[in-house]
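The structure under discussion appears below in the form of structure tokens.
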Amino acid sequence: MRGIIYPASNIVFAAQSDDPAKFPEAKDPAAATDLLASSYGKWTAVENSALAMDEAANLLILPGRKCSNGIAVPIGNPDWPKFVQGLRDAAILSYAAAQSKNQDKILEAADALTNACSACHDKYREKPNLADRCK
Ligand code: HEC
């Protein structure tokens, strides 16, 4: 979540308000810490970030993983794979939008992405007590 999905989703979200094509290159693009300003920057960074989320969805259904509170990731609950598929669908929509270099399509994709994140978070993350996550 924090290492792949969160930073990748922020690239797609940023493309809603700032045209990636106009993003200035970093002084040393090969060592850039901002993907949009890197050697694989601009719309390519949005494409790659969408693909990173699509691939990260596969990590969310790997058996044997635990949530931060020690509870097993609920891959056996019927709704978990549906939420994972929701992320995948939104990631693929984001990929197509990035390929089309069309910010209106990015707006739609970002909306789908937000819904995919919160559908799962509402059920499995937003808990007053950490101990109640992932149940
Ligand atoms: C299939 C379910 C699912 C989907 C889809 C999902 N998340 Fe998560 N996310 C979780 C769970 C569960 C946690 C808590 C994990 C833990 O505590 O170990 C979490 C934690 C996080 C965290 C860390 C916050 C914290 O309090 O620890 C971030 C950031 C995050 N998600 C971002 C996202 C974004 C952005 C998206 C959508 C692009 C997304 N997630 C999609 C289930 C999901």
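Below 20 Å Cα-Cα, how many Lys pairs turn up in segment 5-132? Only count pairs eight or more apart in sequence, or on different chains, if you could.
Within segment 5-132, the lysine pair count is 10.
Which percent of the accessible heavy-atom area of the chain goes to carbon and sulfur, probe 1.4 angstrom? Intermediate results must be reported in sequence, preceding the final value.
Numbers: 4340 of 7850 Å².
On the chain, the fraction of accessible area on carbon and sulfur atoms equals 55 percent.
Cross-link candidates for Lys135: which aspartates and glutamates have Cα within less than 19 Å, leaving aside residues fewer than 8 places away along the same chain?
Cα-Cα hits under 19 Å: Asp79, Asp122, Glu126.
Per DSSP H run of at least 4 residues, take -39500 (n - 2.57); add these up for the chain, divide by its residues and hand me the 222 nm value, nearest 500 deg cm²/dmol. Write down the numbers at each step before the final one.
Numbers: 4 runs with 75 residues, N = 135.
Here the helix-only value at 222 nm equals -19000 deg cm²/dmol.
Just flag the trypsin sites (Lys or Arg not before Pro) in segment 1-66 sitting in loop per DSSP whose Cβ has no more than 14 other Cβ atoms within 10 Å.
Passing both the DSSP loop test and the Cβ count: Arg2, Lys27, Arg65.
List the Cys residues of the chain that have no partner Cys with a C-beta closer than 4.7 Å.
So far as the 4.7 Å Cβ criterion goes, Cys117, Cys120 stand without a partner in the chain.
Under a 1.4 Å probe, what is the accessible area of the chain per residue, stated in Å²? Before the final figure, lay out each step's value.
Details: 7850 Å² over 135 residues.
Using a 1.4 Å probe on heavy atoms only, each residue of the chain averages 58 Å².
Pulled fully out, how much extra length does the chain show between Lys22 and Ile4, if you take 0.36 nm times their separation in residues and subtract their Cα-Cα distance?
Values: separation 18, 0.36 × 18 = 6.48 nm, distance 2.43 nm.
Separation in residues times 0.36 nm, less the Cα-Cα distance, equals 4.1 nm.
Starting from the amide H of Asn69, placed 1.01 Å from N in the peptide plane, find each other amide H under 5 Å away whose residue is 5 or more places distant or on another chain.
none
The values are calculated or read from the model by the stated rules, or taken from the named source; none is laboratory data. These numbers come from a predicted model, not from an experiment. Positions of Cβ are generated from backbone atoms using ideal geometry, with glycine treated the same way; all protein chains shown enter the neighbour counts. Side chains are part of the model used for accessible areas, which takes the heavy atoms of the whole protein and leaves out ligands, DNA and RNA. Shrake-Rupley method; radii C 1.70, N 1.55, O 1.52, S 1.80 Å.
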